[in-house]
Amino acid sequence: MKTKLQPSKNVTLNKPDEKRQGMKVRTVVTGHDAKGRAVFVRDEQVDGMPIPGLGELAFLWNANEPATYPNAGNNPAAPGIFPPLGGIRFVIGTYLPGDFIAPEPTPEMHLEDGDELGRANAGFHRTDTTDFGVVLSGNLALQLDDGAEVSLAPGDVLIENGTRHRWRVVGNVSATMASFIIGAHRH
């Protein structure tokens with residue numbers, strides 16, 4: 001049986017009058033059937049999840065260990081935003097305009113004194129990950145712990161190597177970024 005896939009609508013924001021004001025991301029997944037042949041196993045809309053102090057994240061693929069093929073194409077759905085060593089996360093985030101983005105810390109986020117919410121360095125953190133990000137819309141500024149800052153626009157790519165940093169949306173329009181995160185080892 002052949003599966004016909006519809007053209008992608010990529011990342012779409014719901015209409016403001018809808019119950020959820022969040023994003024939906026069309027996700028198409030391949031896998032293998034019982035005979036090892038390639039098949040489409042899923043074509044679905046993934047809803048974003050509101051994250052206070054951040055915006056919204058759509059978790060598209062979460063694994064805590066490398067994949068083994070052939071497989072059925074099931075998302076391992078590992079918990080947490082940041083993966084352990086060898087794990088991966090693929091997320092699309094929409095970040096709200098305002099001051100520096102400062103979500104509630106998670107156990108995987110390393111904070112220094114003053115990085116807590118409401119403090120002068122709110123939003124600064126580092127994780128034991130390598131993050132590959134592509135800005136899809138809006139504008140973001142990434143600030144490092146020494147005050148150096150770079151602005152990122154749609155189409156720009158960032159490779160963040162476990163450094164202490166924080167984010168800020170530039171302007172009054174939300175920014176959206178796709179990120180592939182790989183768990184790394186820190187000495």
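The values are calculated or read from the model by the stated rules, or taken from the named source; none is laboratory data. As the structure is a computational prediction, the values presented were derived from the model and not from experiment. For neighbour counting, all protein chains shown are included, and Cβ atoms are generated from backbone atoms with ideal geometry for every residue, glycine included. The area values use the complete protein model at the heavy-atom level, side chains included, leaving out ligands, DNA and RNA. Shrake-Rupley method; radii C 1.70, N 1.55, O 1.52, S 1.80 Å.
With a simple spin-label model that places each label point 7 Å from the Cα along the Cα-to-Cβ direction, the separation between residue 157 and residue 75 comes to 2.4 nm. Surface composition of the chain: carbon and sulfur atoms hold 56% of the protein heavy-atom accessible area at a 1.4 Å probe. Gaussian network model of the chain, Cα springs within a sub-10 Å range: biggest mean-square fluctuation belongs to which of 148, 63, 122? Most flexible of the set in this elastic network: 148. Rolling a 1.4 Å probe over the protein chains gives residue 40 an accessible area of about 100 Å². Think of a 1.4 Å ball rolled over the protein heavy atoms: the chain then has 60 Å² of accessible area per residue. Counting every C-alpha pair in the chain, the share spaced more than 22 angstrom apart comes to 51%. Rounded to the nearest 20, the size of the Cβ-charge dipole of the chain about its Cα centre is 1080 debye, with Lys and Arg at +1 and Asp and Glu at -1. Within segment 131-169, find all residues whose amide N lies under 14 Å from a label point positioned 7 Å from the Cα of residue 182 along Cα-to-beta-carbon. Label zone hits: 131-133, 159-162. Between 122, 167, 82, the Cα set farthest toward the positive side of the dipole of segment 49-187 (charges on each charged residue's Cβ, about the Cα centre) is that of 82.
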